[in-house]
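Nothing in this text is a laboratory measurement; each read-out follows from the coordinates by a stated rule. Given the structure is predicted, the values throughout are model-derived calculations rather than measurements. Backbone-built Cβ (ideal geometry, glycine too); neighbour counts: all protein chains shown.
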């Protein structure tokens, strides 16, 4: 079963709760982006609330910056940063630029979409010669934080969730290398961030981290009563795998995949 983020709009406030931890991978990705062609805009694909807008503007101050996202609530936040020349509402799976950009930058968005073997080459082809595709995707789907969600959902609500034959939406590094190596020069790596989540009285810190992202496709299909029971069991399981430290913090390893491809000039 492939989970999509759902029809209910994203919650910018909830997503921003761990903004520093979510921004760091984007900055690490941006640091590896090579020199761009002389002309062409920068597209923040799946821009969300515009968290990376300032960093992109500082790195490429003379470039037109365009934000693209399918969430109206997130786009309003992104536009309010004042960094984007334009914010477009579009589905990434079918998005096409009106002119070939110099950079397509996508931070923590493409893992929501299937068929990367079609999607990523299409994005590369949309670039101008010498253009760059820079992508960061969570590769956390086999970790307990995400695996427990699938196991509980299928156990508790088998009428709505069936993960028989489930395949991670993010593949292995070598798969992406094989997929894209003929399209340009590839810089590909993975990193595991050991995140220290702060103490809170609102629930287990890992549940709070995932509730605005990985949890969304699950809880959107549940009633209020079902959601409360599901969250309670999820938190109990998390407490075993990610124990709370004496000071209330939790150490939460989180794996991410990075890909930077420069198209032939």
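Helix content alone sets the calculated 222 nm mean residue ellipticity of the chain: runs of n ≥ 4 DSSP H residues at -39500 (n - 2.57) each, divided across all residues, give -10000 deg cm²/dmol.
Packing-based ranking of 35-44, 232-241 yields 35-44, 232-241, ordered from highest to lowest mean Cβ neighbour count within 10 Å.
Of all DSSP-defined beta bridges confined to the chain, some 55% are antiparallel rather than parallel. Sort segment 214-265 into rounded, prolate or oblate with this rule: let a ≥ b ≥ c be the square roots of the eigenvalues of the Cα gyration tensor; rounded if a/c is under 1.5, and if a/c is not under 1.5, prolate when a/b is larger than b/c, oblate otherwise. Oblate shape, in that a/c is at least 1.5 and b/c is the bigger or equal ratio.
Within the listed set 249, 81, 225, the residue fluctuating most in the Gaussian network model of the chain (springs between alpha-carbon atoms under 10 angstrom) is 225. Judged by the gyration tensor of its Cα atoms, with axes a ≥ b ≥ c, segment 12-263 is prolate; a/c meets the 1.5 cut and a/b is the larger of a/b and b/c. Multiplying the residue separation of residue 232 and residue 164 by 0.36 nm and removing their Cα-Cα distance gives an extension gain of 22.0 nm. For residue 99 and residue 21, the difference between the fully extended length at 0.36 nm per residue and the C-alpha to C-alpha distance is 24.8 nm.
Computed from the Cβ-Cβ distance with R0 of 41 Å, the FRET efficiency linking residue 32 to residue 220 stands at 0.75. Label point of residue 174 set 7 angstrom out along Cα-Cβ; within segment 108-131, no amide nitrogen lies under 17 Å from it.
Compared with the direct C-alpha span, the chain from residue 265 to residue 85 gains 62.2 nm at full extension, assuming 0.36 nm per residue. Structure remark: mean-square fluctuation, Gaussian network model of the chain, C-alpha springs under 10 Å; the largest value among 206, 124, 174 belongs to 174. Identify which of 158, 100, 243 has the largest mean-square fluctuation in a Gaussian network model of the chain, with springs joining Cα atoms closer than 10 Å. With Cα springs under 10 Å in the chain, the top fluctuation among 158, 100, 243 is at 158.
Modelled this way, with points 7 Å down the Cα-to-C-beta line, the labels at residue 156 and residue 247 are 3.2 nm from one another.
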